[in-house]
Amino acid sequence: MHNLKIDKIFKKLSNDISQPKTELKYKNPYTFLVSVILSAQSTDKSVNLATFDLFRKVKTPEAMINLGEKKLKSHIKTIGLFNNKSKNIISLSKILVDKYNSKIPSAFNQLISLPGVGNKTASVFQNEILNIPRVAVDTHVYRVSNRIGLVKTNNPDDTQSKLESIIPKKWLKSAHHLLILHGRKTCKAIKPKCDNCSLIKLCEYKSKKINYENK
Ligand code: SF4
């Protein structure tokens with residue numbers, strides 16, 4: 001896709017979405033990382049509900065270790081995969097204390113070596129907290145970017161590297177949120193609201209659909 005067209009797409013998305021930022025509520029880099037881990041296969045809303053009380057008591061890895069796995073589970077039991085997530089968060093907190101002086105490392109390889117932190121979580125963290133522009137790919141970003149025709153990919157890792165190479169620098173930091181929020185509100189998985197979408201003239205999915213329907 002031509003650079004000019006990509007720029008137009010992100011201009012329109014940024015007009016539609018005035019605040020392209022995370023919907024997760026957090027207190028500091030540590031609580032943000034915990035929230036992102038909790039958000040895997042769960043909604044931001046359910047994570048915010050569970051962490052509302054948790055983050056009043058726990059804001060550091062030390063406090064999380066003191067809270068312990070059992071009590072952590074009781075805070076997050078409404079969230080999917082909470083058993084596994086509790087284990088990972090306690091192990092991660094111990095590693096942060098023992099190895100990183102209770103700070104979160106900034107290097108991507110160090111981030112993904114932490115329990116419960118995969119490529120997507122590490123990229124989200126780098127983008128939000130460290131201001132390193134990364135386009136983390138979740139189900140919305142993958143679907144929307146392929147539908148629009150920004151990329152033609154078969155897996156999240158390829159999608160991320162392709163998006164990071166084609167999106168103009170000025171949109172890189174906000175691209176992840178713009179694509180997610182567009183996917184949640186308009187370009188929905190089952191019934192995309194194409195008739196109400198500002199990208200209708202730019203989107204390849206729609207033009208393919210029209211061509212197909214006209215045959
Ligand atoms: S035109 Fe339809 S498929 Fe394309 S981005 Fe908009 S909602 Fe999604």
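Checking Ser123 against (1) touching a helix residue (DSSP H, G or I) at 6+ places or on another chain (Cβ under 6 Å); (2) hydroxyl-bearing (Ser, Thr, Tyr); (3) not assigned by TED's automatic domain parsing to the domain that holds Lys8, which test does it fail? Here Ser123 meets the rest and fails (1). Each residue in the stretch 20-32 was checked for being assigned to a helix (DSSP H, G or I), over 27 Å from Lys170 (Cβ atoms) and not β-branched (Val, Ile, Thr), and 1 pass. Could we say that Lys8 is in contact with a helix residue (DSSP H, G or I) (Cβ under 7 Å, 6 or more places away or on another chain) and either crowded, with 19+ Cβ neighbours inside 10 Å or touching a residue at least 12 places away in the same chain (Cβ under 8 Å) (or both) here? No, not satisfied.
Apart from one condition, Asn131 fits all of (1) surrounded by 15 or more Cβ atoms within 10 Å (Cβ to Cβ); (2) in contact (Cβ under 8 Å) with a residue 24 or more places away in the chain; (3) in a loop (DSSP other than H, G, I, E, B); the exception is (1). The residue list Lys208, Lys215, Lys193 contains one member that is of a type outside the set (S, T, N, Q), near the ligand (Cβ under 10 Å from one of its atoms) and at pLDDT below 95, which is Lys208. Selection within the stretch 2-33: residues that are within 13 Å of the chain's Cα centre (by Cα) and modelled with pLDDT of 95 or more. The member of this set that is nearest to Ile180 (Cα to Cα) is Leu24. I'd like to know if the stretch 197-205 contains one or more residues that are in a helix (DSSP H, G or I) and crowded, with 17+ Cβ neighbours inside 10 Å. Yes; the residues of the stretch 197-205 include at least one that is in a helix (DSSP H, G or I) and crowded, with 17+ Cβ neighbours inside 10 Å. Within the stretch 152-185, the only residue that satisfies the criterion of being crowded, with 16+ Cβ neighbours inside 10 Å, in a loop (DSSP other than H, G, I, E, B) and touching a residue at least 60 places away in the same chain (Cβ under 8 Å) is Ile167.
Of all positions in the stretch 110-119, at least one carries a residue that is over 25 Å from Thr43 (Cβ atoms), surrounded by fewer than 21 Cβ atoms within 10 Å (Cβ to Cβ) and more than 10 Å from the ligand (Cβ to nearest atom).
The values are calculated or read from the model by the stated rules, or taken from the named source; none is laboratory data. Since the model is a prediction, treat every value here as computed from it, not as a measurement. Here Cβ is always computed from backbone atoms with ideal geometry, including for glycine, and neighbour counts include all displayed protein chains.
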